[in-house]
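Structure first, then comments.
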Amino acid sequence: MIRLNNYKYFCFSRPFLLLLAVLIPTILLLSACATESTTASENNDFAYDLSKPDKVFELPVVLDEISGLAYDDVNDRLIAVQDELGFLFFINPDNGSVIERIKFGKPGDYEGITWVNDTVFVVRSDGRIFCVANYDKASPSTTSYKTPLSAKNDVEGLAYDATRRKLLLLNKRDPSLKKKNQFIGKRAVYEFDLGSKTLADEPALLIDIEQLKSAIEKNYFSKLAIRIGRFLSLYDESSDFMPSAIAIHPHTKDFYILAHIGKLLVVYDSVCQLKYIKQLDPALFGQPEGIAFSGDADLFIANEARGGMAKLLRFNSASVHKPENENNR
């Protein structure tokens, strides 16, 4: 029974509720299909067709909880972490097989990984960064750095900004370093300076959830699904966008931010202006947790198992991503 405007009551029968249980996911699926090309502007030059991966690989059971993905350009391989074991997993990008694994630390909630020349950086959900040097040797050495971030921020992603020589740490929840949230309705990305080993006091990027929501609701099916969800108290406004991974495109330098809750891929340009919003098909992206680019700009997205098999999706790059001087070589 639901009360409206303090005087009207509606009682829904069991068949009607069952119908809604089927209808809402269907509307959301139609929304994802209809708006896969949704952009923040009128440009439709997004080169990856996220509805049609070039390859899909099933990952081994040990990576059911895969939580982060990076690309080793020197050895042409992916590196993954999962959120329980302190191991680096090296993956063949052509077939998804695990080539080898190397222990770097104790079990922990590891959520993000990035590759910087001969070093791998891993971040734990409480904001502690692990620097794994000589990772491809028999005895890698690991050093960790504490940051002002904590479990309340719930760090989920890590990327390397080569232009600024800084790591980017993506927060899933509280965007503020202070006890009181200064940035309500937003998610944050902080910079960690590799020279001074310090975290910036202010976010490098603030993701405005209301801005994303406004763009998404321009689509009829999305708006309808959200309104039905709100009406039935099934839609949680505070948790409709939970980012899970971040990567930087090697050619455009755009920031690609993946959200497992909200099923979105959001792209910001190098000066932090919103560029694209791509809704993801839940049938392909059950729980996207990792994102990485090869040096040639092939896109890889990893999904946790979520009741089935963990999967790695590969989207080959198109020439539109490459700078003009590369196309003319």
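Each value in this text was obtained by applying a stated rule to the coordinates, not by laboratory testing. Treat the numbers as computed from the prediction; the structure is a model and nothing was measured. Cβ atoms come from the backbone with ideal geometry, glycine included; neighbour counts cover every protein chain shown.
Miscellaneous remarks
- Sparse-neighbourhood loop sites, trypsin sites (Lys or Arg not before Pro) in the range 138-208 - DSSP loop, at most 15 other Cβ within 10 angstrom: Lys146, Lys152, Arg164, Arg165, Lys178, Lys179, Lys180, Lys197
- Our note on the geometry: Cα centres of the range 76-154 and the range 187-215, 21 Å apart.
- Cβ-defined net charge surrounding Asp126, 11 Å radius [Lys, Arg +1; Asp, Glu -1]: +1
- Of all aspartates and glutamates in the structure, those lying under 20 Å Cα to Cα from Lys137, and not within fewer than 8 positions of it along the same chain, are Asp72, Asp73, Asp76, Glu100, Asp118.
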